[in-house]
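J.: A single structure is presented below for examination.
The values are calculated or read from the model by the stated rules, or taken from the named source; none is laboratory data. If you're wondering where the values come from, they're calculated on a predicted model, not measured in any experiment. FYI the Cβ positions are ideal-geometry reconstructions off the backbone, even for glycines, and counts take in every protein chain you see. To get the accessible areas, we keep the full protein, side chains included, count just its heavy atoms, and leave off ligands, DNA and RNA. Shrake-Rupley method; radii C 1.70, N 1.55, O 1.52, S 1.80 Å.
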Amino acid sequence: MKSALNLTLRIWRQRDAGAPGAFANYPAENIPTDCSFLEMLDIVNERLVAKNEEPIAFDHDCREGICGMCSLVINGVAHGPERATTTCQLHMRHFTDGQIIHVEPWRSNSFPVIKDLIVDRGAFERIQQAGGFITARAGSAPDGNAIPIPKGDADLAMDAAACIGCGACVAACPNSSAMLFVAAKVSHLALLPQGAAERTRRVLGMVKAMDAEGFGNCSNYYECEAVCPVEIKSSTIAMLNREYSLAVLKDTVGK
Ligand code: SF4
Ligand code: FES
């Protein structure tokens, strides 16, 4: 395998949400295969700055697959061609010499473009604020076995808690549905005793906020599951639907 690649990038450039955007070509020559995708963009940007050209704006924070900020659609796939991998953990060895790579922002009306490849994912924050937390002061961590939790529930809650809120599920869905994200947040708290007290209020509030932000409904395309970098399962959406139905019933007939 070559240790450096010559690539052509077709990057979406857009001044802001109101401006028209378009692809522009950039050569990316002599890129080490050990680079991550974001490091490759850093190299391209350094070269643009050296030529007094406007660098490409893109989002990132941890670069460790934890924060969910690195939101890029690479050759039509949110987070790129490797399964269960965030863009910041995607390495250039997965590309081939001479390849043309298209790079776009998340596409969803609910995630307006701020600039180039950066979108505003404040909609996710607002959904989270609508109940996706436990209001009781939890204090310091109790002993591991002080609160008995069935192993199956603990495992499911941990799987759901892995969601990093990146929004790839929205970007991949033809309906711009945020249901995988909301399902992960609702179910991880609903499965644990600490989350039980606010279970009904939480799911009603978060689903209401999700709808108000303009996200579409799930219609079983499973694209969300295919691109999720932490492998949240689409079966989590079934848990959300069950939580929501029960909450509506409780809300209607009383507890
Ligand atoms: S469910 Fe997966 S794709 Fe969606 S926000 Fe969470 S981590 Fe990202
Ligand atoms: S930059 Fe934090 S997950 Fe990629």
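J.: Along the range 113-129, what does the Karplus equation 6.51 cos²θ - 1.76 cosθ + 1.60 (θ = phi - 60°) give for ³J(HN,Hα), rounded to whole Hz, x for Gly and Pro?
T.: Per-residue couplings from phi come out as 5, 8, 5, 6, 9, 9, 10, 8, 9, x, 4, 5, 4, 5, 5, 4, 5 Hz.
J.: Between Asn25 and Ala197, what is 0.36 nm times their sequence separation minus the Cα-Cα distance? Round to one decimal in nm.
T.: Here the answer is 56.6 nm.
J.: Once you put a point 7 Å from the Cα of Ser245 and another 7 Å from the Cα of Gln128, both along the Cβ direction, what distance in nm separates them?
T.: Those two pseudo-labels are separated by 3.0 nm.
J.: Leaving ligands and nucleic acids out of the surface, order Met69, Met40 by accessible area at 1.4 Å, largest first.
T.: Met69, Met40
J.: What does the convex hull of the Cα atoms of the chain come to per residue, in Å³, rounded to a whole number?
T.: 152
J.: Still on this structure, I have one more. Run the numbers for Ala162 and Asp143: contour at 0.36 nm per residue of separation, minus the present Cα-Cα distance, in nm.
T.: The Ala162-Asp143 span can extend by a further 4.7 nm.
J.: Based on alpha-carbon centroids, what's the gap between the range 24-94 and the range 137-192 in Å, whole number please?
T.: So the two Cα centres are separated by 28 Å.
J.: Go through the cysteines of the chain and tell me which have no other cysteine Cβ under 4.7 Å away.
T.: So far as the 4.7 Å Cβ criterion goes, Cys35, Cys163, Cys166, Cys173, Cys218, Cys228 stand without a partner in the chain.
J.: Going by alpha carbons, how many degrees (0 to 90, nearest 10) lie between the helix axis of 199-212 and the longest principal axis of the chain?
T.: 40
J.: Between Ser219, Ser140, Ser36, where does the largest GNM mean-square fluctuation fall for the chain, given springs only between Cα atoms within less than 10 Å?
T.: Ranking Ser219, Ser140, Ser36 by mean-square fluctuation puts Ser140 first.
J.: If R0 is 41 Å, what FRET efficiency do you get for Gln99 and Lys208 from their C-beta distance, rounded to 0.05?
T.: About 0.40, to the nearest 0.05.
J.: Can you order the peptides 221-231, 164-174 by their average number of other Cβ atoms within 10 Å per residue, highest first?
T.: With the highest mean Cβ count within 10 Å placed first, the list reads 164-174, 221-231.
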